[in-house]
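To start, the structure itself, in structure tokens.
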Amino acid sequence: MKHTISVLVENEFGVLARVASLFSGRGYNISSLTVAETLDPKVSRMTIVTEGSDAVLEQIVKQLNKLVNVIKVHDVTAENPINRTLALVKVPLTTIAGGDVTAAIREMGGEVVDSDRKCCIAEFRGDESKISSVIERLKPFGILEFEQTGNIAMQKGTKVIS
Amino acid sequence: METVAQKMKGSDIIIKSLEKEGVDVIFGYPGGASMEIHQALTLSKKIRMVLPRHEQAGAFAACGYARATGKPGVCLATSGPGATNLITGIMDAKMDSVPLIAITGQVATTMMGGDAFQETDIVGATFPCVKHSYLVKDINMIPAVINEAFYIAQTGRPGPVLIDFPKDIQQQEAIPDFNRRIHRPGYNPDIAPPQKPILESAKMIAQAKRPIIYAGGGIISAEASEELRKFVRKTKIPITTTVMGLGCYPEDDPLSLRMLGMHGAVYANIAMNKADLVIALGVRFDDRVTGKLAEFCKGAKFIHVDVDAGELNKNIKVDVPIQANVKDVLREWNDIVKTGDFTEWQTQIDGWKKEFPHHYKKSSKVINPQFVIEQLGKLAPKDAIVSVGVGQHQMWTAQFYGFHTPRNWLCSSGLGAMGFGLPAAMGAQVAYPRRTVIDIDGDGSFLMNIQELQTLRQEKIPVKCVILNNKYLGMVAQWEDRFYKSVRGHTYIGDADFAEIADAFGIKSATVTKPSQVVPAIKKMLAHKGPFVLDVKYPYDDRSHGHVIPMIPSNRTYLDTILIGGTTLRDYWKKKGILKE
């Protein structure tokens, strides 16, 4: 099962390498990894999407906690957080039996952020399943290029990770 | 008292900071990127600099120092190959939770990233081997980094910390602030013992009928041997130790079941697997202890105390995990724990002890290595420190020497690094110049850091080296005999006259080839004031009694134990009608 882990780390040289080394060295898998500064410039927040049994997940959380630069580790999966990925999709401006590509983009909640006579770039955001359905919907038009960020996640309600 | 603030060179700030941490010896090998630090060391009145003849030996010596004293050991090397040569020693410290400070020189910050001469990203190369590491790019951070490095190396679960100092940082000048500290929000090793699981575990101990203590290196790291002894005396629960735990409880005590695991005592492994409660203290359920995990201690409940949460439920799911300093938990148990009567259990165990003692087939023609070790255990002073390499001699020493006090046994247990024995003994001897320190080594292991004989001679370090010399890489040869039809896959290394080699280094030596020569030679060696090399020549024996026995083959159960004579415990018990299948 996929798990989403929020990690607060010191915003310091080499921290990302330490986390990456831990995952590769112990054979843990990384589906996606997002890292950026928080409101406190001394602290960065990582969102790691990983897969493994409960025992493996327990180890991932514990091993992350052992890194001296790691401030907090929280597996947010069970709390049904808001998950968001941003995707950019380049598609040709064509019409097929299924309809017009710009209509399909609108229908999927996307926004055209660039366009010329031949193709356009559409921006989508949503959770993993949303992004997969975007891909399915646009595939028939012939996707020229696809790029997505890693997932970020936030717990609902007043709970915060800080 | 701090003197008036004045500018100091980075290298001098490094040495001053190390002095403030109480460092009294550094094992260092100079080079282009670390010679500034060595220049500063020449001015230190508090720190002795011991020059090993290889950086790996410097790291092992620092490990030996740390294992024998409990204080962090410090090694120092230059950039590039100097730094990479430290890695084996750093990993040894990681695997066995040894407080080690590894200091490396680095090319100047202005050169870094350009593949300069002797440039290696040692911080990057050692991520999986360290507890923490630093690349110091600001001279003003030197005191705070060194202070924190020592704190991290010693607290919580101890481990190695590496500090990389670029050459220009060593050469710059600044007014040092020795009171500066780093704010580290994510590192808090001071954990209060959790009350709920302590009470719950005390209840389990009270209800147990066949409990056993499985104690390891955590007891020694936590300096909890006294509390453990008190606990055993109070509860009368039998105790077995891991190879890392040797010495945490006296092996000559009736409640001691000595070492367990692959080459552990048969009775210890039987008792573990017949127990209804396993009290695991400062251990990590290593595969050399558990064998096949699914079959390990099947009928038992587990209490597991460890300071590292990562060890709890890692290899085996336990009933009561307790993340705490094992010393705190033992103290609390000693106040509250009540137990039943274990007379019946102890009688059963005593039966196994009588039936399956550690023993070997004595020969009058050739020397038995086990006999040499047994005699060393009898003849050496009680407070002697013993180090080993890795292989058959290491396991025989664990089986036959007899360890009764903590920190007298230096063994690369988790990493299993050959070449550890001589430099580790050297480190311990520097820490305790007046005690007897013996390196019981194999010929293969000894050869891996044999250059340190020169260090012994030049630095007047009186280590006694006993080389159990059978011309083979015995442990691998033993596996070849057991599992590869005795096909020798490059396990014959040939003979060397180690006495003559010692002689060439100016070290006293002797060679023995007959059993009758052993005791007099040991006596002579122990009486000698300086370093000594005793070459014990004996033939490798490919039959069962030349092997380290008992042996539980990898990933098998205690019933698969190969006993003296070659039969398995399973077959032996079937024949006796104890086991029906």
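All of the numbers you see were taken from the coordinates with simple rules; none came from a lab. If you're wondering where the values come from, they're calculated on a predicted model, not measured in any experiment. No Cβ is skipped: glycine too gets one built from the backbone with ideal geometry, and neighbour counts run over all protein chains shown.
Take the alpha-carbon positions of chain B, form their convex hull, and give its projected area averaged over all directions (one quarter of the hull surface) in nm².
Mean projected area of the Cα convex hull: 27.7 nm².
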Inset, instruction - Count the net charge of all other residues whose Cβ sits under 12 Å from the Cβ of A:Thr85, scoring Lys and Arg as +1 and Asp and Glu as -1. - result: -1
Inset, instruction - Per DSSP H run of n ≥ 4, the term is -39500 (n - 2.57); total these for chain B, divide by its residue number, and report the mean residue ellipticity at 222 nm rounded to 500 deg cm²/dmol. - result: -11000 deg cm²/dmol
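Can you list which of the DSSP-assigned H helices in chain B have a Cα extent of 20 Å or more along the long axis and an average Kyte-Doolittle score of at least 0.0?
Going by DSSP H runs, the hits are B:55-69, B:81-95.
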Legend entry - Residue-averaged beta-carbon neighbours from other chains (10 angstrom radius) around A:49-59: 1
Inset, instruction - List every residue whose amide H lies under 5 Å from the amide H of B:Ile493, counting only residues 5 or more places away in sequence or on a different chain, with H placed 1.01 Å from N in the peptide plane. - result: B:Tyr472, B:Leu473
Legend entry - Inter-chain Cβ neighbour average for residues A:15-27, partner chain, 10 Å: 2
Inset, instruction - Any of A:Lys62/B:Lys236; B:Lys485/B:Lys508; B:Lys234/B:Lys575; A:Lys42/B:Lys94; A:Lys42/B:Lys46; A:Lys72/B:Lys234 with alpha carbons more than 30 Å apart? Name them for me. - result: A:Lys62/B:Lys236; B:Lys485/B:Lys508; B:Lys234/B:Lys575; A:Lys42/B:Lys46; A:Lys72/B:Lys234
Legend entry - Rg ratio (alpha-carbon, reference 2.2 N^0.38 Å) - region B:432-581: 1.32
Inset, instruction - Please compute the net charge surrounding A:Ile152, taking Lys and Arg as +1 and Asp and Glu as -1 over other residues with Cβ under 9 Å from its Cβ. - result: +2
Inset, instruction - Place a label point 7 angstrom from the Cα of A:Asp127 along the Cα-to-Cβ direction, then list the residues of region A:19-42 whose backbone nitrogen is under 14 Å away. - result: none
Inset, instruction - Report the equivalent ellipsoid semi-axes for region B:8-174 in whole Å, largest first, defined as the square roots of five times the eigenvalues of the gyration tensor built from alpha carbon atoms. - result: 21, 18, 15
Legend entry - Cα centre as origin, Lys/Arg/Asp/Glu Cβ charges: chain B dipole, Debye: 1840 debye
Legend entry - region B:78-166, Cα convex hull volume normalised per residue, Å³: 71 Å³
Legend entry - Along principal axes, Cα extents of region B:518-581, largest first, whole Å: 59, 22, 21
Inset, instruction - Taking 7 Å along the Cα-to-C-beta vector as the label spot, tell me the B:Tyr432-A:Leu88 distance in nanometres, rounded to one decimal. - result: 6.6 nm
Inset, instruction - Would you mind calculating the relative contact order of chain A from Cα pairs under 8 angstrom and at least 6 residues apart, reporting the percent as a whole number? - result: 27 percent
Inset, instruction - Compute the separation of the alpha-carbon centres of region B:229-255 and region B:520-581 and state it in Å as a whole number. - result: 22 Å
Legend entry - chain B: relative contact order as a whole-number percent, Cα under 8 Å and 6+ apart: 13 percent
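What FRET efficiency do you get for B:Asp350 and B:Gln517 if R0 is 45 Å and r is their Cβ-Cβ distance, rounded to the nearest 0.05?
0.75
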Inset, instruction - Can you tell me the order of A:140-147, B:90-97, B:119-126, B:564-571 when each peptide is scored by its average per-residue count of other Cβ atoms within 10 angstrom, highest first? - result: B:90-97, B:119-126, B:564-571, A:140-147
Inset, instruction - Using only C-alpha positions, report the orientation-averaged shadow area of the convex hull of the protein assembly as shown, nm², one decimal. - result: 40.5 nm²
Inset, instruction - Would you give the gap between the C-alpha center of region B:297-352 and the C-alpha center of region A:84-151, rounded to a whole Å? - result: 59 Å
Legend entry - Three-way shape label, region B:287-398, alpha-carbon gyration tensor, a/c 1.5: prolate
